[in-house]
Amino acid sequence: MLLAGIARADFDSALIKTMQAVPVSTDGAGMGGLNITMPAGTGTNPAQNALVVDTEFNKSVLGQGYLINLSHGPTLAIKAGNASIRLGQGALKLNYYQVDTISRGSKSILDPNAFTAESLEISYGFKLTDTLSVGMSVFPESKFELESKVGSLRLGSAEGKVKGAGSLGLFWKLLDEKLILAGTWNISAEKDKQTELGFTTTSHVMTNVLRLGMAVQPWKGGTIGVEWLGMKIDRSPGETAWASKIFYGAEQYLNERFCLRAGCLNGAPTAGVGVVLGKKKNIYIDYAYLANPIEMDHYWGSSSGHMIDVCIAW
């Protein structure tokens with residue numbers, strides 16, 4: 001039981017690390033998983049919400065699908081949607097994320113072969129000046145469940161619920177908007193419950209994540225960015241895990257309606273395309289391919305992913 005409990009905690013920490021690094025927007029996914037520096041109102045930086053002020057649109061809705069295949073693990077489907085509305089010198093946004101297991105799999109009966117999660121985020125970003133924006137997010141709902149089964153026999157399960165979580169963000173344009181500096185800090189407190197062979201244990205997890213990034217726009221339609229993520233996971237009683245990661249990629253608009261993206265995430269390539277439709281150029285369709293979107297090789301083997309979204313603004 002002790003060894004199984006330790007393995008479960010290690011798996012849980014690995015999952016927290018990889019989920020913090022998963023791209024949340026299709027445009028950023030194509031650019032190597034960039035989440036906070038793209039000059040668009042997407043990503044995990046709440047300060048990016050303020051960029052809506054630079055457009056002619058007041059509202060938008062977005063729907064997204066994300067499929068992750070694991071060579072020795074489950075197939076995961078991530079669904080997301082958000083709606084935003086201009087409010088003052090920025091925008092208020094509501095984000096919803098859901099992860100479901102659509103096929104089971106695991107390298108070992110000790111590793112979970114099913115994973116589900118759900119998260120709701122409310123964020124607001126606004127402009128302090130023409131070039132500097134700030135923002136904040138809160139997560140009123142965030143939870144996950146893990147399960148290990150052989151046939152109909154349930155060997156173990158785990159569930160976690162975030163008791164409190166939030167983030168702060170900054171987005172700063174310099175040098176005639178050719179240079180972008182961005183940063184976010186996220187903190188969450190989570191309570192986990194693990195059950196194996198009828199025995200249940202409870203632990204508390206505190207996660208601190210700092211993400212810093214820089215992007216340049218050296219020519220018309222082109223963006224090149226790099227981001228660094230540093231993470232600390234404190235788990236009771238007295239366990240601490242650290243992680244860091246680098247993301248980098250580029251985007252080039254060939255014209256006002258079509259762009260190409262490329263990057264590197266987890267040591268593997270990413271690629272994407274974006275299309276702008278409509279007379280008012282208010283419909284955005286983006287697709288991204290990721291050769292290794294999550295690092296869970298020790299438990300679930302190699303991964304690959306496909307991501308697509310549609311956004312309509314008015």
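Numerical summary
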| read-out | value |
| --- | --- |
| Output for the range 17-66, where each listed residue is of a type in the set (Gly, Ala, Ser), in a loop (DSSP other than H, G, I, E, B) and open to solvent by less than 10 Å² (accessible area, probe 1.4 Å) | Ser25, Gly32, Gly33 |
| Count of residues meeting criterion [of a type outside the set (A, V, I, L, M), exposed (fewer than 15 other Cβ atoms within 10 Å of the Cβ) and part of a strand (DSSP E or B)] in the range 144-160 | 1 |
| Counted residues, the range 151-183 - those being at pLDDT below 90 and not hydrophobic (A, V, I, L, M, F, W, C) | 8 |
| Residue in the range 302-309 that is open to solvent by less than 30 Å² (accessible area, probe 1.4 Å), in a strand (DSSP E or B) and either hydrophobic (A, V, I, L, M, F, W, C) or free of Cβ contacts under 8 Å to residues at least 24 places away in the same chain (or both) present | yes |
| Residue count for the range 189-225, restricted to those that are surrounded by fewer than 20 Cβ atoms within 10 Å (Cβ to Cβ), part of a strand (DSSP E or B) and in contact with a strand residue (DSSP E or B) (Cβ under 8 Å, 6 or more places away or on another chain) | 18 |
| Matching entry among Ser123, Ser84, Ser133 (being in contact with a Ser or Thr (Cβ under 7 Å, 6 or more places away or on another chain), modelled with pLDDT of 95 or more, within 26 Å of Ile246 (Cβ to Cβ) and assigned to a strand (DSSP E or B)) | Ser123 |
| Hits in the range 267-301 - residues which are surrounded by 21 or more Cβ atoms within 10 Å (Cβ to Cβ) and closer than 21 Å to Thr223 by Cα | Thr270, Gly272, Gly274, Tyr284, Asp286, Ala288, Leu290 |
| Failed item, numbered, when Ile246 is tested on (1) of a type in the set (Val, Ile, Thr); (2) under 19 Å from the mean Cα position of the chain (by Cα); (3) under 20 Å from Ala80 (Cβ atoms); (4) open to solvent by 40 Å² or more (accessible area, probe 1.4 Å) | (3) |
| Output for the range 255-283, where each listed residue is within 30 Å of Lys17 (Cα to Cα), assigned to a strand (DSSP E or B) and without any contact (Cβ under 8 Å) to a residue 40 or more places away in the chain | Leu260, Ala268, Pro269 |
| Residues located in the range 93-111, provided they are open to solvent by 50 Å² or more (accessible area, probe 1.4 Å) and outside any strand (DSSP E or B) | Arg104, Lys107, Ile109, Leu110 |
| When residues of the range 67-76 are limited to those that are among the hydrophobic types (A, V, I, L, M, F, W, C) and buried (at least 22 other Cβ atoms within 10 Å of the Cβ), the one farthest from Leu132 (Cα to Cα) | Leu70 |
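The values are calculated or read from the model by the stated rules, or taken from the named source; none is laboratory data. Quick caveat, the model's predicted, so the values are computed rather than measured. As a convention, Cβ positions derive from the backbone with ideal geometry for all residues, glycine included, and neighbour counts pool all protein chains shown. Keep in mind that these areas ignore ligands, DNA and RNA; they rest on the heavy atoms of the full protein, side chains included. Shrake-Rupley method; radii C 1.70, N 1.55, O 1.52, S 1.80 Å.
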